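Enquirer: Pasting a structure here, questions to come.
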Amino acid sequence: MTDKQATIPRATSENIIAVLSLLGIGGYLVLRYALDIGHEVYTLSLNAALSSAATELYQGQFVLPIELVQLPLLAVLALGGIPLVFQLAMKLGQGDWGADLLAGISIVTAVLLDEYLAGSLVVLMLSGGVVLETYAVRKASSVLEALAKRMPSVAHRKSGDDLADITTEQVNIGDTLLILPHEICPVDGTVLEGFSTMDESYLTGEPYMMSKVSGSQVLSGAINGDSALTIRADKLAVDSRYAKIMEVMKSSEQYRPNIRRLGDQLGALYTPLAVIIALSAWAISGDVIRFLAVLVIATPCPLLIGIPVTIISSISLAARREIIIKNPAILETIGTCRTAIFDKTGTLTYGRPSLTALIHGEGHNEQEVLTLIASVERYSKHPLSRAIVNAAEKSALSLLSVTNITELPGEGLKGNVDGKLLQITSRKSFVEQHPDMAVGLPQVTGGLECVVLIDDAYAATLQFRDEVRTDSSSFINHLKPSHLFDKVMLVSGDRESEVRFLADQVGIQHVYFSQSPEQKLELVRNETKTAKTVFLGDGINDAPALTAATIGIAFGQNSDITGESADAVIMDSSLLKVDELFHIGQRMRKIALQSAVGGMALSLIGMVFAGLGYLTPVAGAIIQEIIDVLAVLNALRAAIPPKTLSDF
């Protein structure tokens with residue numbers, strides 16, 4: 001049985017114990033303070049004898065006075081405290097000296113001191129902490145359910161003039177399928193008929209809507225555009241690209257890195273020290289009451305309460321900054337990550353094309369060509385049309401009226417503008433139709449491009465690239481000096497020319513291009529073995545890598561699958577918000593350490609006084625409560641936004 005499987009029944013038992021604790025403590029408070037009943041004292045007596053055939057070894061009586069009002073607390077301690085103490089004893093046997101172990105000792109101590117309310121509160125703190133983490137941390141099943149939910153279960157199979165709906169499992173290689181507008185492609189295949197565009201960015205990292213005509217390849221999981229496509233199935237559903245990503249996702253979930261919690265790190269030091277002080281006080285004085293007094297004041301509430309309150313306060317602050325924290329543990333660890341890994345499309349870029357160059361031919365000028373082409377492109381749904389129109393708007397050009405607009409596969413966009421016949425087509429179509437004019441084309445570069453003809457003569461070439469975020473360079477270059485990152489990497493499924501262009505623009509040296517989800521996963525796993533990693537991505541193809549990194553941050557709201565895979569989600573796709581998350585985590589850790597270490601320091605002082613006999617167990621409990629209040633008040637500061645949360 002895997003650790004993940006073993007965690008499920010434990011989390012369920014913690015839920016039950018937490019609910020039982022709340023009911024028991026609530027019942028006690030109602031009986032004692034609201035109804036003021038149940039103060040009658042009953043005595044439970046047990047006679048015990050132990051003897052051998054030769055002699056009597058033990059003879060005695062156990063007497064336990066019980067107030068009826070205490071019965072709810074005794075139920076909490078019996079049904080919740082005993083299982084928790086047993087679990088902690090098992091952890092002790094494995095050499096785990098975490099903070100919750102001292103809480104277990106405190107439960108036993110509280111029972112011995114008849115401090116049933118205190119013991120029940122410790123039970124609630126222990127079980128409630130696990131419940132909070134279980135609720136906040138995403139489970140593998142939720143990611144896989146989101147993947148499965150997005151994948152279509154029905155395909156439209158064509159046979160002659162007949163069209164039948166079948167399950168995707170019934171699709172065979174060679175079947176002819178119809179993909180309706182805006183549907184998700186069910187299998188990998190080849191286009192037989194139709195002209196449309198498909199959004200493959202979440203799968204491949206390509207930032208553009210990809211044109212699909214007869215002969216084009218289509219990927220399962222891609223979203224069709226405005227027109228229907230007829231395709232031939234080239235793979236079974238289980239062998240298609242989307243299914244393979246699901247398989248990689250399952251594999252990555254099994255090896256998700258564990259984050260050692262701050263409370264566990266501090267508890268591993270604090271718990272043995274507290275036990276040593278308590279035992280020393282008992283041994284030197286011979287008074288067991290001193291042992292109990294030390295343990296009462298040593299109860300690690302600054303760890304069990306102070307740190308969770310700091311985390312919850314920081315989660316609240318992050319939410320107000322449009323940052324959703326799905327795994328609270330990352331706030332404790334994000335400041336110790338030393339390798340940052342970025343996806344390209346939609347993370348360091350906007351995931352949309354922009355016009356980067358207009359190379360005009362002889363006899364034409366840039367403004368003239370841009371005015372003519374933008375006038376026509378505003379009536380087109382081609383993926384590059386919006387970029388051309390935006391460029392014209394930035395240049396404040398007045399667009400002209402257009403007549404006789406046509407847009408046919410292989411011919412491109414045509415229209416009459418200002419008495420001129422304008423045609424916008426691809427380089428490939430231009431070379432095929434006008435081989436004599438091909439020598440006038442500029443050299444092929446990265447990105448996308450289109451060719452413009454005016455009155456059947458070459459006029460210009462327009463070049464496009466994925467638009468780089470305005471703050472990408474400053475953000476990347478501040479990571480090392482401000483956040484102590486040793487290594488920054490760019491890992492993308494996009495082409496080499498595009499990835500290297502972006503890397504040069506923003507200043508990243510470690511570059512990986514044309515990476516499949518499997519390759520991304522393996523790369524992130526290897527990097528995480530050598531240093532704690534942060535991975536930022538926004539596509540379905542990033543989901544396995546997000547899971548494999550020490551901390552996965554999903555960028556934007558485009559994919560519920562990416563969000564499920566991540567530890568945090570940046571809702572408005574801003575690198576400024578990523579920096580704010582770094583600062584919230586660093587600030588959370590600082591305040592948590594103040595609350596925890598400061599509280600433990602005060603507790604240690606109190607333990608010394610208790611060990612010397614100056615504090616009784618009751619006085620120690622009161623002082624510990626004062627320390628707890630101070631720790632919690634300090635922890636609440638994490639919810640108050642500072643003057644600035646960014647430094648770039």
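Nothing in this text is a laboratory measurement; each read-out follows from the coordinates by a stated rule. None of these values were measured; they are calculated from a predicted model. In this analysis, Cβ positions are derived from the backbone assuming ideal geometry, glycine residues included, and neighbour counts consider all displayed protein chains.
Enquirer: Can you compute the modelled spin-label distance between residue 217 and residue 184, with each label point 7 Å from Cα toward Cβ, in nm?
Expert: Here the modelled spin labels are 2.2 nm apart.
Enquirer: Hey, another quick one. Checking the cross-link filter: which aspartates and glutamates have an alpha carbon closer than 13 Å to that of residue 532, excluding same-chain neighbours under 8 positions apart?
Expert: Partners found: 332, 486.
Enquirer: May I pose another question? Using 0.36 nm times the number of residues separating residue 287 and residue 35, minus their current alpha carbon distance, what extension gain do you get?
Expert: 86.8 nm
Enquirer: Residue 580: net charge of surrounding residues, Cβ under 12 Å, Lys/Arg +1, Asp/Glu -1, itself excluded?
Expert: Overall, the nearby charge balance is 0.
Enquirer: If you don't mind, there's one more thing I want to ask. Shape verdict for region 456-613, please, from the Cα gyration tensor: rounded (a/c under 1.5), prolate (a/b greater than b/c) or oblate.
Expert: Because a/c hits 1.5 or more and a/b exceeds b/c, region 456-613 counts as prolate.
Enquirer: Now for a separate question. Which residue, 506, 623, 586, has the largest displacement toward the positive end of the dipole of region 493-639 when charges sit on each Cβ (Lys, Arg +1; Asp, Glu -1)?
Expert: So the residue we want is 623.
Enquirer: Continuing with this model, one more query. So if R0 is 35 Å, what FRET efficiency would residue 504 and residue 276 give, r being the distance between their Cβ atoms, rounded to the nearest 0.05?
Expert: It comes to 0.05.
Enquirer: What FRET efficiency, computed as 1/(1 + (r/R0)^6) with R0 = 56 Å and r the Cβ-Cβ distance, is obtained for residue 173 and residue 640, rounded to the nearest 0.05?
Expert: 0.40
Enquirer: Let me ask another. Between residue 495 and residue 593, with labels modelled 7 Å along Cα→Cβ, what's the label distance in nm to one decimal, could you check?
Expert: 4.8 nm
Enquirer: To the nearest 0.05, how large is the calculated FRET efficiency for residue 230 and residue 359 if R₀ is 35 Å and r is the Cβ-Cβ distance?
Expert: 0.40
Enquirer: Could you give the length gained on full extension between residue 586 and residue 530, defined as 0.36 nm per residue of separation minus the Cα-Cα distance, in nm?
Expert: Extra length from residue 586 to residue 530 when fully extended: 18.0 nm.
Enquirer: Let me ask you something else. What's the ranking of 273-279, 217-223 by average number of surrounding C-beta atoms within 10 Å, highest first?
Expert: Going by the mean number of other Cβ atoms within 10 Å, highest first, we get 217-223, 273-279.
Enquirer: By a straight-distance test (C-alpha under 12 Å), which aspartates and glutamates pair with residue 91 as possible cross-link partners, with residues fewer than eight away in the same chain excluded?
Expert: Result set, ordered by chain and number: 100.
Enquirer: Could you order peptides 173-180, 29-36, 570-577 by the average number of other Cβ atoms within 10 Å of their residues, highest first?
Expert: Descending mean neighbour count gives 570-577, 173-180, 29-36.
Enquirer: So, one more: Near residue 414, which lysines are there with a Cα under 21 Å away, not counting those fewer than 8 places off in the same chain?
Expert: Those lysines meeting the cut-off are 212, 381, 428.
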